[in-house]
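Presented below is the structure to which this report refers.
The values are calculated or read from the model by the stated rules, or taken from the named source; none is laboratory data. Worth saying up front: this structure is predicted, and the values here are computed from it rather than measured. Heads up, the Cβs are rebuilt from the backbone with ideal geometry, glycines too, and the neighbour counts pull from every protein chain shown.
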């Protein structure tokens, strides 16, 4: 029986050579490949963070050590406290509403043929920059209903149920028989049946007169009735026309409401015809005629979307318009991975669609919903562009957020120490959220 030859003996096989370890002998090569990225990371991330931390402990000039005074300003400065309060509102509502809308859109469009087209339309605002979105919504929230879409819709709905007055600027002119009366106007003397009454007013621009208004005519006397004319006693051109008498070019106040008042009570009422004439029954004899304040109510001009009380919700609305599509796409991707047999089993067991959604779909989508919500929370902590562009100067203090206050302190007010403290504070706010996200991702990997 042949015995194996000793290693190194003539004719013996050579021992196998050990392969180089990727993490051993090649560490130098790996370090060289990583060096450019590490240099960029240090220059663009680590150094700015470190410098901001150091700068936050120095005064405005950067020469004197300020200790924690800059951090004390975070809780004593009114502007920073308002910004902090608004950031809390942003973090609570913006990610929640955007994620909820994304979930609703993703679930409802799953079964319709045009779901892909709808998702494309909803996601399209993500292709628009924050600057462009801010300009768009600055116009959307314009106070003038002729310019701002939001107020155009709001005023349209309001005027459907509450008709606006056609004569908001009307008032008595010179030598008028009318006097002011609680927002309306009242005749100075009582009226008599059979004697026509003149109720001249001025102040309504010709182009804003009702379309139904016709040429004003002098009312004819009627036995047992009070007649009169309410009209725009104004004729273009200096010295043209006569006061207190309807001229051929003057228009009647079509639809003007007239009331006859005796002893503080309305005994009769009517509305003026297109030519401004009106007729009241015999009960109006001896009464004072009143033009109620409703005739002169200012037209409803919508909401002050960018005023102090609504500016923050309005800007949050524009943010949701942009990011609801992002949430919808991620949730739709997660929904595609949900086992259909679980949904069908729940339906077979008698669950309604709402129960399937609440007890099966949402729990299975919880990891995706957490990712979307946390991502949006980090994003809203840094929001700056929308607030800076949409909020006008008069209400920018009320819409202030930490990122905007950082910019204002650092550049407008030349307080780099406080600005650095705000930057560090923002970093401290973001770190717990990022830590939660990383921990949750690691837990998912282990599964």
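Residues considered: 203, 184, 173. Of these, the only one that is farther than 18 Å from residue 277 by Cβ, in contact with a strand residue (DSSP E or B) (Cβ under 8 Å, 6 or more places away or on another chain), surrounded by 14 or more Cβ atoms within 10 Å (Cβ to Cβ) and not assigned by TED's automatic domain parsing to the domain that holds residue 263 is 173. Of the listed requirements (1) exposed (fewer than 15 other Cβ atoms within 10 Å of the Cβ); (2) at pLDDT 85 or above; (3) farther than 17 Å from residue 256 by Cα, residue 160 misses just one: (2). State yes or no: is residue 89 surrounded by 11 or more Cβ atoms within 10 Å (Cβ to Cβ), within 25 Å of residue 391 (Cβ to Cβ) and in contact (Cβ under 8 Å) with a residue 12 or more places away in the chain? Yes. A Cβ distance below 7 Å, combined with a sequence gap of six or more or placement on separate chains, defines the contacts here; from the stretch 31-52, residues that are in contact (Cβ under 8 Å) with a residue 60 or more places away in the chain reach residues that are in a helix (DSSP H, G or I) and surrounded by 11 or more Cβ atoms within 10 Å (Cβ to Cβ) in the pairs 49/427; 52/420; 52/423; 52/424. The single condition among (1) in a loop (DSSP other than H, G, I, E, B); (2) at pLDDT 85 or above that residue 228 does not meet is (1). Within the stretch 397-442, the set of residues being under 25 Å from the mean Cα position of the chain (by Cα), free of Cβ contacts under 8 Å to residues at least 24 places away in the same chain and surrounded by fewer than 18 Cβ atoms within 10 Å (Cβ to Cβ) comprises 407 only.
Condition check: more than 20 Å from residue 182 (Cβ to Cβ), in contact with a helix residue (DSSP H, G or I) (Cβ under 9 Å, 6 or more places away or on another chain) and either free of Cβ contacts under 8 Å to residues at least 60 places away in the same chain or not in a strand (DSSP E or B) (or both). Does residue 255 satisfy that? The answer is yes for residue 255.
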